[in-house]
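So the structure is just underneath, and the comments pick up after that.
The values are calculated or read from the model by the stated rules, or taken from the named source; none is laboratory data. Nothing here was measured: the structure is a model prediction, and the numbers come from that model. Quick reminder, even Gly has a Cβ in these numbers, built from the backbone with ideal geometry, and neighbours come from all protein chains shown.
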Amino acid sequence: MDGLTLRFRPLEPADLHLMHEWLQRPHVKRWWRDRETYEAVVEHYLPSIEGDEPTDHYLALLGEEPIGYVETYLVSDYPDYAALIGVAEGVAGVDLFIADEALTGQGLGTEILRRFVDEVVFGTPSTTSCVADPAARNVASRRAFEKAGFRVVKEFVEDGEPHALMRRDRSV
């Protein structure tokens, strides 16, 4: 990363135009398909930013430059999802994307995952494990999670798409 500092900051309302633009990029849209309009982005992300929904949204910054998005949540806050994947209390979920396609395939996703899980997810003492569920066919994402210490624990189908449930436990 050439001496640049990787850090995370909470997503703010002023970032929603950037999020909308990122979500329209083909390499992002391939896996994050739900938010076509700016209004849909605001409707989805603003409640969490304002503290009304339980997911925490972050920008990943390299130096001062936003380069991606990361979110985390307690799986137990989403009972239907918790039942689908079969996890217990103390488990957080994580999702991410790198906004600039030119920055993909260089290990940056792995580094974002490793640092975010260590600093943010496991920064909460009651969180014992972290899970993610990349699409089974998203080989690059699965590889990034594996290199960041996650392992596949099972596969499941959500919305007709096979997913790999990947898990990383807190180090003792």
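Among the residues of region 5-22, none qualifies, meaning not one is of a type in the set (Ser, Thr, Tyr), surrounded by fewer than 18 Cβ atoms within 10 Å (Cβ to Cβ) and over 20 Å from ARG114 (Cα atoms).
Only one entry in VAL121, VAL139, VAL152, VAL91 is of a type in the set (Val, Ile, Thr) and within 13 Å of the chain's Cα centre (by Cα), namely VAL121.
To keep it simple, each residue is scored yes or no on (1) among the β-branched types (Val, Ile, Thr); (2) at pLDDT 95 or above; (3) assigned to a loop (DSSP other than H, G, I, E, B).
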{"residue": "GLN106", "(1), (2), (3)": "no, no, yes"}
{"residue": "LEU113", "(1), (2), (3)": "no, yes, no"}
{"residue": "VAL117", "(1), (2), (3)": "yes, yes, no"}
{"residue": "VAL172", "(1), (2), (3)": "yes, no, yes"}
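Got at least one residue in region 65-80 being of a type in the set (Gly, Ala, Ser) and buried (at least 19 other Cβ atoms within 10 Å of the Cβ)? Checked against the condition, which is being of a type in the set (Gly, Ala, Ser) and buried (at least 19 other Cβ atoms within 10 Å of the Cβ), region 65-80 yields at least one hit. The set of residues in region 121-148 that are out of contact with any helix residue (DSSP H, G or I) (no Cβ under 7 Å at 6 or more places or on another chain), farther than 23 Å from PRO54 by Cα and assigned to a loop (DSSP other than H, G, I, E, B) comprises ALA136, ARG137, ASN138. From the list ALA132, ALA144, ALA148, ALA99, the lone residue that is farther than 19 Å from ASP169 by Cβ and not basic (Lys, Arg) is ALA99.
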